[in-house]
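The values are calculated or read from the model by the stated rules, or taken from the named source; none is laboratory data. Computed from a predicted model, the values in this text were never measured in an experiment. Positions of Cβ are generated from backbone atoms using ideal geometry, with glycine treated the same way; all protein chains shown enter the neighbour counts.
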Amino acid sequence: MAIRVRAAAVQAEPTWLHLPDGVAQTIGLIEDAAVGGAQLIAFPEAFLPGYPWWLWLNSVDWGTEFRSRYLANAMTRDGAEMRAIADAARWAGVHVVLGFAERAGAEIYLAQAMIGPDGRILVSHRQSPTSLEREVFADGIAPPAVHHTELGRIGVLGGTDHLCPERRVDLWREQVHVAAFSGFTVYHDVDDDSTIAVNSTVGEQYARDSRTVVIAPTALVPMTGWSVVDARSPEHLMLSGGGEVARIIGPDGRDLVRPLPPGRPGLLFADFVVDESANPWTDGQGYMRAC
């Protein structure tokens, strides 16, 4: 059976460290995706309450301040905020893949929620945060899974878990893959093109290796016009906001649709067909057809 799917990938700046505004923003994007005809919308990693870019800074004081704020604005999987988002998914009739920082007691996890149009919520974790990310996030305890939906088998991974072969094995037989990236800042003298290439290369290679459609949302980070300078050398720029682009990629590693311009917020839509009897492939026109 062939299933026609319209998906939307989010390219947007999170409302950094302000969960109520972030929930409202998330609900608004879900509604916009539904108006655009999407049956599936994918959000970046840690979209709520934003990725903790302060980890890159060398100030212990900054870390202490931001970690307490980050914990306070992280979301629980069974709280009122998640329920409001699930209700929005149900009212809009769309599947939602939402990256968020999950608060569980004193621990925080890089989590992915698969929310169905019936409002059901399933949560998985990034299994292997980087050594720097472990300053904030614990190792995942809810492994990635393939979600069986009326749109096909959808797998989800966040960030650097794409570089771990054992994580990819966990997603065997997926038909659509959500590669949730947090986006990048620009560090020191690294240029935007280099950082954009990291996510793009990972998404393209994953699509070719797995023969799946890859939906790669991304955050615009960390804030519009945001930058940090070294207090000891004010002329030395340490961090600044990057461009970054969301992509929807066919199994041949090529874009199904032209990405949005770097740094511009919006939703990227693409249409494809999932064949339940075989892995799909691209016909070069932004749609999928069965082999």
TODO: Would you tally the residues in the stretch 147-170 being at pLDDT 90 or above and of a type outside the set (S, T, Y)?
DONE: 10
TODO: Go through (1) under 18 Å from the mean Cα position of the chain (by Cα); (2) loosely packed, with under 15 Cβ neighbours inside 10 Å; (3) among the hydrophobic types (A, V, I, L, M, F, W, C); (4) over 24 Å from A7 (Cβ atoms) one by one and return the number of the condition A80 breaks.
DONE: (1)
TODO: Among the candidates Q11, Q25, single out the residue that is assigned to a strand (DSSP E or B), closer than 24 Å to T218 by Cβ and of a type outside the set (A, V, I, L, M, F, W, C).
DONE: Q11
TODO: Tell me, please, whether a residue that is in contact with a strand residue (DSSP E or B) (Cβ under 6 Å, 6 or more places away or on another chain), part of a loop (DSSP other than H, G, I, E, B), under 24 Å from T26 (Cα atoms) and modelled with pLDDT of 55 or more can be found in the stretch 202-218.
DONE: yes
Task: Extreme residue, modelled with the lowest pLDDT, among residues of the stretch 219-266 that are farther than 27 Å from I154 by Cα and among the acidic types (D, E) - done: D230
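Residue-wise test of (1) in contact (Cβ under 8 Å) with a residue 40 or more places away in the chain; (2) within 14 Å of the chain's Cα centre (by Cα); (3) over 19 Å from F47 (Cα atoms).
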position	(1), (2), (3)
A138	no, no, no
A142	no, no, no
V146	no, no, yes
T149	yes, no, yes
T160	no, yes, no
C164	no, no, yes
R167	yes, no, yes
W172	no, no, yes
Q175	yes, no, yes
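Results for (1) surrounded by fewer than 24 Cβ atoms within 10 Å (Cβ to Cβ); (2) out of contact with any Gly (no Cβ under 6 Å at 6 or more places or on another chain); (3) among the hydroxyl-bearing types (S, T, Y), shown as yes or no for each residue.
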{"residue": "L98", "(1), (2), (3)": "no, yes, no"}
{"residue": "L110", "(1), (2), (3)": "no, no, no"}
{"residue": "V136", "(1), (2), (3)": "yes, yes, no"}
{"residue": "A145", "(1), (2), (3)": "yes, yes, no"}
{"residue": "H148", "(1), (2), (3)": "yes, yes, no"}
{"residue": "L151", "(1), (2), (3)": "yes, yes, no"}
Task: the stretch 267-283, residues that are at pLDDT below 80 and either of a type in the set (A, V, I, L, M, F, W, C) or closer than 18 Å to R6 by Cβ (or both) - done: E276, A278, P280, W281, T282, D283
Open item on the list: Yes or no: the stretch 117-126 includes at least one residue that is surrounded by 20 or more Cβ atoms within 10 Å (Cβ to Cβ), modelled with pLDDT of 90 or more, among the basic types (K, R) and touching a strand residue (DSSP E or B) at 6+ places or on another chain (Cβ under 9 Å).
Closed with: yes
Task: Any hit, the stretch 40-59, residues being of a type in the set (A, V, I, L, M), surrounded by fewer than 21 Cβ atoms within 10 Å (Cβ to Cβ) and modelled with pLDDT under 95 - done: yes
